[in-house]
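Student: Below are the structure tokens for one structure; questions will follow.
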Amino acid sequence: MIKTVTVRQTGTSVSATIPKEMAERLHIEQGDRLFAVETSDGVLLTPYDPTLEQAMRAYRRIAKNRRVALRELAR
């Protein structure tokens, strides 16, 4: 779905409103946090936290290599 949104001045920032139908379909509610990611095609709004994914990738790598140590620590 493609919708046009208008950017408005809000204090010293700018804001854009997500249309109600789109927000409902994507399960976005008031107070939800979205991440604005600059891409070569523009801006991507996503609930996905890229820093969390990096941390999880590092954890999985460590957990695979140090499985026995982590099991002992869990006891």
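Student: Mind pulling the per residue volume of the convex hull built on the Cα atoms of the chain? Å³ is fine.
Tutor: Each residue corresponds to 189 Å³ of Cα convex hull volume.
Student: Using a basic spin-label model with each label point 7 Å from the Cα along Cα→Cβ, how many nm lie between Tyr59 and Val37?
Tutor: So the two model labels end up 1.8 nm from each other.
Student: Then there's this: Based on DSSP H runs of at least 4 residues, each adding -39500 (n - 2.57), what is the mean residue ellipticity at 222 nm of the chain after dividing by all its residues, to the nearest 500 deg cm²/dmol?
Tutor: Calculated at 222 nm, the ellipticity per residue is -11500 deg cm²/dmol.
Student: Same structure, new question: Loop only per DSSP, at most 15 neighbouring Cβ atoms within 10 Å: give me the GluC sites (Glu not before Pro) in segment 9-75, ordered by residue number.
Tutor: When the GluC sites (Glu not before Pro) of segment 9-75 are filtered for loop state and at most 15 Cβ neighbours within 10 Å, Glu29 remain.
Student: Using alpha-carbon positions, what is the distance between the centroids of segment 47-75 and segment 3-42, in Å?
Tutor: The two parts, judged by their Cα centres, are 32 Å apart.
Student: Within the chain, which chymotrypsin sites (Phe, Trp or Tyr not before Pro) sit in a loop by DSSP and count at most 11 neighbouring Cβ atoms inside 10 Å?
Tutor: The qualifying sites are Tyr48.
Student: What is the chain's relative contact order, in percent, from Cα pairs under 8 angstrom and six or more apart in sequence?
Tutor: It comes to 14 percent, rounded to a whole number.
Student: Over the chain, with the other protein chains present, what is the accessible area per residue in square angstrom, probe 1.4 angstrom?
Tutor: That works out to 96 Å² per residue.
Student: List the residues whose amide H sits under 5 Å from the amide H of Phe35, counting only those 5 or more places along or on another chain, with H placed 1.01 Å from N in the peptide plane.
Tutor: Amide H neighbours of Phe35: Thr46, Tyr48.
Student: Turning to a different aspect of this structure: Counting only protein heavy atoms and a 1.4 Å probe, tell me what percentage of segment 11-75's accessible area is made up of carbon and sulfur.
Tutor: The computed percentage sits at 54.
Student: Treat each spin label as a single point 7 Å out from the Cα along the C-beta direction, and report the Leu70 to Ile28 distance in nm.
Tutor: Modelled inter-label distance: 3.4 nm.
The values are calculated or read from the model by the stated rules, or taken from the named source; none is laboratory data. For clarity, every value in this text was computed on a predicted model and none was experimentally measured. Note that each Cβ is placed from the backbone with ideal geometry, even for glycine, and that neighbours are counted across all protein chains shown. Side chains included, ligands, DNA and RNA excluded: accessible areas come from the protein's heavy atoms. Shrake-Rupley method; radii C 1.70, N 1.55, O 1.52, S 1.80 Å.
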